[in-house]
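The values are calculated or read from the model by the stated rules, or taken from the named source; none is laboratory data. If you're wondering where the values come from, they're calculated on a predicted model, not measured in any experiment. So basically every Cβ, Gly included, is an ideal-geometry build from the backbone, and we count neighbours across all protein chains shown. The accessibility values were calculated without ligands, DNA or RNA, using every heavy atom of the protein model including side chains. Shrake-Rupley method; radii C 1.70, N 1.55, O 1.52, S 1.80 Å.
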Amino acid sequence: MASLTFHLFFLITQWTFSEGYITYIAARLPLKGFIAAPGAPWPMPKEWINSTEQFTVDPRDFLIVYDVECDIMVAAEKRYRDLLFGKQSGRKAPDLKQVEKLHITSGKCEQYPSIGSNESYALTVSPGTVSLESSTVWGALRGLETFSQLLYIDSNNEFKINATTIVDSPRFQHRGLMLDTARHYLAVDTILSNLDAMAYNKFNVFHWHIVDDQSFPYVSEAFPDLSKKGAYGPNLVYTKSDIQKIIEYARLRGIRVIPEFDTPGHTQSWGRALKDFLTPCYGDGKNPGTANYTSHAEYEIVNPILNSTYDVIHKLYSEVKRDFPDQYLHLGMDEAYRACWASNPEIKNFMALKGFGSNFTLLEQYYIEKVITIVKNMSTKIIMWHDPVDNGAEVGNDTIVQVWKDAVFDPKKFLPWQQYLVPVVKKGYKTLLSACWYLNHISYGPDWRKRYECEPLNFTGQCMTLVTVDTLFIRDLEFKKN
Amino acid sequence: MAGIRRCMLFSFLLFYVTECNSRLKKYNARPAVLATSGSPWPLPRNMTTTQVQYQVDADNFKFMLNTGTPSCDIIVKAFARYKVIAFGPRSETLKFRPNFRRRPNKENTVNQLTVRYVQPCDQYLSLESDESYTLVVTGNTASLTANEVWGALRGLETFSQLILPQGSGMYVINNTVIHDAPRFKHRGVLLDGSRHFLSVLKLKENLEAMAQNKFNVFHWHIVDDQAFPYDSIKFPNMSKLGAYDSNHIYSQADIKDVIEFARLRGIRVVPEFDSPGHTQSWGSSISNLLTKCYKNGSLDGSYGPVNPAEESSYNFLKSFFGEVADVFPDHYIHLGGDEVDFSCWESNPEIMKFMQSMGFGKDYAKLEEFYMQKLLNIISGYRKGYLIWQEVIDNGAKVAADTVVEVWKGGYIDELAKVTSLGYKTLLSSCWYLDYISYGSDWRNYYGCDPQNFNGTSAQKALVIGGETCLWGEYVDDTNVISRLWPRASAIAERLWSDESVNSVSAAEGRMEEHRCRMVRRGFDAQPMNGPGFCPVEFP
């Protein structure tokens, strides 16, 4: 609390000192809160000390220098130079001390970010040189972004930056944003643009929910019919080249790309291409492939009793693994509704044979175990939604479990998210929270506030387990066990 | 949840060709709602089509005025505009084959639309204008007939929606006969330039979208408490001190620009200078205009609505509105009159004295009525008509008989009955506040709201001259104005244009899907409305 007052004090003094903001009229109903001091970074750094002393920059000869040979730094230098000095028409303030260069000392160059990557950095703004120190190139990226926010152009068109010392590192290691390219196709350029926005906000995971019931835009070489028959149209697909472009764009911004190929539910589009992949439902009680709306369609949910199913999973996931370099793969596993399985006599027989009785959780568990085995053999780590864990399934002790359900979606169906998160955490799983951050659920007003106030550790627990948060369209937070 | 694929093969009094999306079948995709093909939006009053299709010669297509029809800039510019709207810029359609000449089959080709109207063009659309038209596309000829140029504009838009791109630069149109006219004469969109500034570019983009949805009134809520971006000629300090900053101002040139852009599209620009409330931003430059508030007997530093007890207030208003009357050519000015908080008036001793001298006692509604009456007289003096929000009537004021009252609050069904029973022309906006966003397919609610849905005589119902959809600016600026407004506003466009009986949401679904994708193809960021799906042309 003390440091908050400390910061507020400097914010207020900056407000009175500098002039880089608009003058609001004093209305009878004044705008609430403080006028933001210009040059305030978002997200708030861990430690941030600044003063009212200001320096300036000459855009024509400001240097960004770095000591490590690294393609990421080469690209970053160019990108931030363009961002800071490209379109903007500012010039140096004649009466202030000048900062001539940004000197970046980062440790090693790395190729791809991972869950354990060190993103910490220290940034000191003083006349002459701004120093940015980090132990990895990822920290350098985060520091560069912060620097780009500290430097601003005031109403006189002059570059200003306050004397600042920042020591920063993220609270959580997995800070993700999920996009859904199955319900509506998103152009590659849109995805790239979003990656830029993510980098500006220090997000570091792009969770790509790439296929689902409605469409299958991922072009598979192993199963070309998947996109041929499953995509919305021939132009509404992601080719290998598209995917490489996206992964590269993300990599240069320190963003991991984790694809989600959701099964056994959410697979309608797969069924258009793959015969015998979806379970035939017996809606009329006698014939396969008959619907019983609203319980189930003609075919739905992956058929867990056929060996061919696992051949497909193996082949497809192997290809996905080649396309996506991140160590993790999101397997989905949410909303595997039982009605179709329950209607199918072959499944009934299978369950009897296996001694599952009428317990579909055991069938779900059977499916999950087989998929996990396939995936583990590819040296891939797993993220999945929490539904199977809720159902009592065991999903592997180093699987990351993502919690999405919340009473706010449907108070009749769901509980507050803590009631899902706590059992997951108690079972020892690393966890991600998304439940309070479904940005597709829009509403009138400044709804960012309730998103801001959702605290992933706001639950009663004994010890701090490794919790990461992946927000559907929003941020994830993670912290480590002490 | 499994989607149910539907073939939309239904009709009311209309028949139209609806391919059951053969393109979609091929890809077996599963949008939640399948788009129709070739259905105009809003739905015309009478439309007959057959399966007979003609090719359209896009390269050589001509819009022609029939000899004898008086030309004017409106129709000439519309012809140029619709050539591009219907066929797209040539560079887009034949990017890779720039020298390709499309050679449609001569026998079945429509290569011209002949336009005919009787009256010489008015300069500006008015409430009395005739927007009816007849469109006939048979036997390779296409003709558009109307009484006034405004009907021709509406017909041109419909015609452009009947032309269906087939890919590779080919277009077709079905054999069609349409007789069309709007149900309501006042079909408006309100934008708020005060809570957040909207650039002239965005205002124009929105006017174009409005024209393509047959909206005909732009209700420009240009100033309010928070900011005064209107650059007044007589009182330049109002924007100097009242605008958010010098970059967020509508200059006289900007205003002329917007009015002209609207005029050419048959859209009236009705400005709203809301008073006596919603005027905080006026007070920084016009001293003594706003009431000074008191607390415990002394000035508390805050200000309230316009001071109705001061003659100087009316002198200012007379002068200011004289300018407004000149700058905005429409016959109507919206005078606001909403949400007047009486508490500041009640606290002010001078106003208390005034109340006593006027014999109002403690009835501040009477003071409001007094103010509004004087304001209306000022406006009448400039030979303008006026619109006001409902409160003025609700608070018991008796205003001039030709006032148009706009109903915006809850309980609107009863309010419509009340206002029309008092004999006033009425507009409805209550159910069409598009600033209130929510998750899901909310256009269905807007579509279902009918402005004549109240208990009243037919004379009363005839007093409902239309309605407006309002996009207040608390959470809207250039970054989201188009996507937030469209295609949700299209639901209201149809409600106000099409016949009362065109009210089935399930019948409208597929057409709304087609219309949304049409707007996307034409370059508008019209957001998805019906759940999962796609547009054939996504990214112009």
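Please go through (1) surrounded by fewer than 20 Cβ atoms within 10 Å (Cβ to Cβ); (2) within 14 Å of another protein chain (Cβ to nearest Cβ) for B:Met170 and return the number of the only condition it doesn't satisfy.
(2)
Just to be sure before I move on: is B:Lys204 open to solvent by 10 Å² or more (accessible area, probe 1.4 Å), out of contact with any strand residue (DSSP E or B) (no Cβ under 8 Å at 6 or more places or on another chain) and either among the charged types (D, E, K, R) or touching a residue at least 12 places away in the same chain (Cβ under 8 Å) (or both) in the structure I sent?
Criteria met by B:Lys204.
Condition first: within 18 Å of the chain's Cα centre (by Cα), more than 18 Å from B:Leu335 (Cβ to Cβ) and open to solvent by less than 10 Å² (accessible area, probe 1.4 Å). Can you find one or more residues in segment B:386-404 that meet it?
no
If I filter segment A:162-185 down to residues being aliphatic (A, V, I, L, M) and buried (at least 20 other Cβ atoms within 10 Å of the Cβ), which single residue comes out as farthest from A:Met44 (Cα to Cα)?
The residue in question is A:Ala182.
Could you tell me whether segment A:247-257 includes any residue that is away from every other protein chain (no Cβ under 11 Å), open to solvent by 20 Å² or more (accessible area, probe 1.4 Å) and assigned to a helix (DSSP H, G or I)?
Scanning segment A:247-257 turns up at least one residue that is away from every other protein chain (no Cβ under 11 Å), open to solvent by 20 Å² or more (accessible area, probe 1.4 Å) and assigned to a helix (DSSP H, G or I).
Would you confirm whether any residue within segment B:423-436 is within 14 Å of chain A (Cβ to nearest Cβ) and crowded, with 18+ Cβ neighbours inside 10 Å?
The answer is yes, given that some residue of segment B:423-436 is within 14 Å of chain A (Cβ to nearest Cβ) and crowded, with 18+ Cβ neighbours inside 10 Å.
Of everything in segment A:405-427, what is part of a loop (DSSP other than H, G, I, E, B), of a type outside the set (Phe, Trp, Tyr) and open to solvent by less than 40 Å² (accessible area, probe 1.4 Å)? Give them in sequence order.
A:Lys405, A:Asp406, A:Ala407
Between residues in segment A:75-96 that are touching a residue at least 24 places away in the same chain (Cβ under 8 Å) and residues that are open to solvent by 80 Å² or more (accessible area, probe 1.4 Å), which pairs lie under 8 Å by C-beta distance while being six or more apart or on different chains?
Short answer, once both residue conditions are applied: A:Ala93/A:Asn156.
Confirm whether B:Gly523 is surrounded by fewer than 17 Cβ atoms within 10 Å (Cβ to Cβ), at pLDDT below 95 and more than 14 Å from every other protein chain (Cβ to nearest Cβ).
Considered against the rule, which asks whether it is surrounded by fewer than 17 Cβ atoms within 10 Å (Cβ to Cβ), at pLDDT below 95 and more than 14 Å from every other protein chain (Cβ to nearest Cβ), B:Gly523 comes out as yes.
Looking at (1) in contact (Cβ under 8 Å) with a residue 12 or more places away in the chain; (2) more than 23 Å from A:Trp208 (Cβ to Cβ); (3) acidic (Asp, Glu), which is the one condition that is false for A:Asp334?
(2)
Condition first: open to solvent by less than 60 Å² (accessible area, probe 1.4 Å) and farther than 10 Å from A:Val403 by Cβ. Now tell me which residues in segment A:430-454 satisfy that.
Selection gives A:Lys430, A:Trp437, A:Tyr438, A:Asn440, A:His441, A:Ser443, A:Gly445, A:Pro446, A:Asp447, A:Arg451, A:Cys454.
Output the residues belonging to segment B:308-324 that are farther than 22 Å from B:Pro236 by Cβ and either without any contact (Cβ under 8 Å) to a residue 12 or more places away in the chain or within 14 Å of another protein chain (Cβ to nearest Cβ) (or both).
Answer for segment B:308-324, where residues must be farther than 22 Å from B:Pro236 by Cβ and either without any contact (Cβ under 8 Å) to a residue 12 or more places away in the chain or within 14 Å of another protein chain (Cβ to nearest Cβ) (or both): just B:Glu311.
In segment B:137-168, which residues are under 18 Å from B:Thr67 (Cα atoms) and part of a strand (DSSP E or B)?
Those that are under 18 Å from B:Thr67 (Cα atoms) and part of a strand (DSSP E or B): B:Thr141, B:Ala142, B:Ser143, B:Leu144, B:Thr145, B:Ala146.
What do you reckon, is A:Leu151 in contact with a His (Cβ under 9 Å, 6 or more places away or on another chain) and under 30 Å from A:Gln54 (Cα atoms)? It would help to see each step written out before you state the result.
Working: in contact with a His (Cβ under 9 Å, 6 or more places away or on another chain): no; under 30 Å from A:Gln54 (Cα atoms): yes.
When the stated conditions are applied, A:Leu151 does not pass them.
Which of the residues spanning segment B:503-520 are in contact with a helix residue (DSSP H, G or I) (Cβ under 8 Å, 6 or more places away or on another chain) and open to solvent by 20 Å² or more (accessible area, probe 1.4 Å)?
Residues satisfying the conditions are B:Asn503, B:Val505, B:Arg516.
Scan segment B:312-357 for residues that are open to solvent by less than 10 Å² (accessible area, probe 1.4 Å), farther than 14 Å from B:Pro276 by Cα and in a loop (DSSP other than H, G, I, E, B) and jot them down.
B:Phe328, B:Asn348 - these are the residues of segment B:312-357 that are open to solvent by less than 10 Å² (accessible area, probe 1.4 Å), farther than 14 Å from B:Pro276 by Cα and in a loop (DSSP other than H, G, I, E, B).
Can you name the number of the only condition in (1) surrounded by 19 or more Cβ atoms within 10 Å (Cβ to Cβ); (2) of a type in the set (Val, Ile, Thr); (3) assigned by TED's automatic domain parsing to the domain that holds A:Pro456 that A:Val130 fails?
It fails just one condition, (3).
For segment A:117-193, which strands (runs of 3 or more DSSP E) that fit wholly inside it have 2 or more residues that are without any contact (Cβ under 8 Å) to a residue 12 or more places away in the chain?
Values: elements: A:121-125, A:128-134, A:158-168, A:175-180.
So the answer is none; nothing clears 2.
Among the residues of segment A:186-209, what is the count of those that are more than 30 Å from A:Ser126 (Cβ to Cβ), open to solvent by 30 Å² or more (accessible area, probe 1.4 Å) and away from chain B (no Cβ under 14 Å)?
Count: 1.
Scan segment A:268-279 and report the pairs whose first residue is more than 9 Å from every other protein chain (Cβ to nearest Cβ) and on the phi > 0 side of the Ramachandran plot and whose second residue is open to solvent by 20 Å² or more (accessible area, probe 1.4 Å) and in a helix (DSSP H, G or I), with Cβ atoms within less than 6 Å and a gap of 6+ or a chain change.
A:Asp276/A:Ser308
Pick out, from segment B:185-304, the helices (runs of 4 or more DSSP H) lying fully within it that include 2 or more residues that are under 21 Å from B:Gly336 (Cβ atoms) and within 11 Å of chain A (Cβ to nearest Cβ).
B:237-242, B:280-283
From the list B:Ser483, B:Ser458, pick out the single residue that is within 14 Å of chain A (Cβ to nearest Cβ) and surrounded by fewer than 16 Cβ atoms within 10 Å (Cβ to Cβ). Don't jump to the end; show me each part of the working.
Values: B:Ser458 fails: within 14 Å of chain A (Cβ to nearest Cβ).
Among B:Ser483, B:Ser458, only B:Ser483 is within 14 Å of chain A (Cβ to nearest Cβ) and surrounded by fewer than 16 Cβ atoms within 10 Å (Cβ to Cβ).
Just checking, does segment A:210-223 include any residue being away from every other protein chain (no Cβ under 13 Å), open to solvent by 40 Å² or more (accessible area, probe 1.4 Å) and in contact (Cβ under 8 Å) with a residue 24 or more places away in the chain?
Yes, some residue in segment A:210-223 is away from every other protein chain (no Cβ under 13 Å), open to solvent by 40 Å² or more (accessible area, probe 1.4 Å) and in contact (Cβ under 8 Å) with a residue 24 or more places away in the chain.
Please give the number of the condition B:Trp497 fails out of (1) within 19 Å of B:Asp180 (Cβ to Cβ); (2) open to solvent by 20 Å² or more (accessible area, probe 1.4 Å); (3) not β-branched (Val, Ile, Thr).
With respect to (1) within 19 Å of B:Asp180 (Cβ to Cβ); (2) open to solvent by 20 Å² or more (accessible area, probe 1.4 Å); (3) not β-branched (Val, Ile, Thr), B:Trp497 is out only on (2).
Which of the residues that make up segment B:464-496 are under 16 Å from B:Arg187 (Cβ atoms) and in a loop (DSSP other than H, G, I, E, B)?
B:Trp486, B:Pro487
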